[in-house]
Amino acid sequence: MQETLNWGLSWPAFGLALAVGYLLGSIPFGIVLTKLSGGTDPRSIGSGNIGATNVLRTGNKKLAALTLLGDMLKGTVAVLVGFYVLGGPKAALVAGLGAFLGHLFPVWIGFRGGKGVATYLGVLIGLAWPAALAFAAIWLSVAKLSKYSSLAALTASVATPLIMWFAMGHRQAALLMALLAALLWIMHRENIARLLSGGEGKIGGKG
């Protein structure tokens, strides 16, 4: 039972990996980068979200791209630190979970973070980069067909753990990504409501 609860790590190792991942994931790149550039705090506009999509609403495409990269890489770095420094594959999984939770609920800004798509992808890159390519391909395909970024992310987040489980054999990583997908869907509940009502904004549209 203990091995199931702590993913095969000792409790101190589990706690350390989770904490390191969480602190890395809590870095609010959207806020840090806009402040350094003298731009508008993304929390004051649009959805109030700190992610790249809302940073783009400030009108600065470069900052939005950098925010996307930062939010993605903090997930990747957390996984790599977990793997190479904190205890191998099990620690990598725990650190990836911590990074995702840190992005959603960052300690530095009152636990109100982003929706998790970029960090989800970053964790995937660290755990299994072919799965990250699959995620990107699904996202691009759905986005091209539907013109909805949120629908593309939601679809890719569900499909990727299935691909990891059935096609790649990465079963523990697939279970982690399924858990992260569930959290991602919860964070997108307002987008889901708008998709169902026809009120979700399309890629390239206004608002």
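Computed quantities for the displayed model
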read-out	value
Residue-count net charge about ILE27 - beta-carbon cut-off 9 Å; Lys, Arg +1, Asp, Glu -1	0
Expected 222 nm ellipticity per residue - DSSP helices of 4 or more, -39500 (n - 2.57), all of the chain, to 500	-21500 deg cm²/dmol
The chain: Cα Rg divided by the 2.2 N^0.38 Å rule of thumb	1.00
At least 20 Å along the helix axis (C-alpha) and Kyte average at least -0.5, DSSP helices within the chain	11-25, 61-81, 89-104, 129-146, 149-163, 171-187
Count of Lys pairs (Cα-Cα under 23 Å; at least 8 positions apart or interchain) in the chain	26
Sorted by Cβ density within 10 Å, fewest first, the residues SER141, SER26	SER141, SER26
Stretch gain in nm, segment SER44-ARG189, where the contour uses 0.36 nm per residue and the Cα spacing is subtracted	50.1 nm
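Throughout, read-outs are computed from the coordinates displayed, never taken from laboratory work. Since the structure is predicted, the reported quantities are computational estimates derived from the model, not experimental observations. Backbone-built Cβ (ideal geometry, glycine too); neighbour counts: all protein chains shown.
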